[in-house]
Amino acid sequence: MPRQKNAISSVQLTVSVTGTVREHLERMTETGMFGKNAAETANHLLIDAIRGYVEKGSPFLQETPPSSGEEEN
């Protein structure tokens with residue numbers, strides 16, 4: 001059965017990892033808990049990690065005002 005289209009729009013991001021990280025991703029994929037391939041597993045782990053930072057209120061994830069060339073007062 002084909003997968004349903006992702007309801008949330010996304011953009012493609014290319015990430016380079018070491019051979020060791022790739023092996024870890026492959027082993028995690030084999031468990032069936034994270035994704036069907038290393039890329040899906042990496043995506044799942046990245047989303048999970050970012051969600052954790054957001055929940056903890058990490059300041060570096062706060063939105064920055066759009067740059068318009070003018071400073072806010």
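The values are calculated or read from the model by the stated rules, or taken from the named source; none is laboratory data. On a predicted model such as this, the values are computed, not experimentally measured, just so you know. Methodologically, a virtual Cβ is constructed for each residue, glycine included, from the backbone with ideal geometry; neighbour enumeration extends over all protein chains shown.
Here is how the numbers come out for the structure above:
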quantity: Odd one out for SER68 among (1) at pLDDT below 90; (2) part of a helix (DSSP H, G or I); (3) over 17 Å from the mean Cα position of the chain (by Cα); (4) not hydrophobic (A, V, I, L, M, F, W, C); calculated: (2)
quantity: Selection from segment 35-65 of residues that are closer than 21 Å to HIS24 by Cβ and either of a type in the set (Asp, Glu) or at pLDDT below 85 (or both); calculated: GLU40, ASP48
quantity: Enumeration of residues in segment 22-38 that are closer than 17 Å to ASP48 by Cα and in a helix (DSSP H, G or I); calculated: HIS24, LEU25, MET28, THR29, ALA38
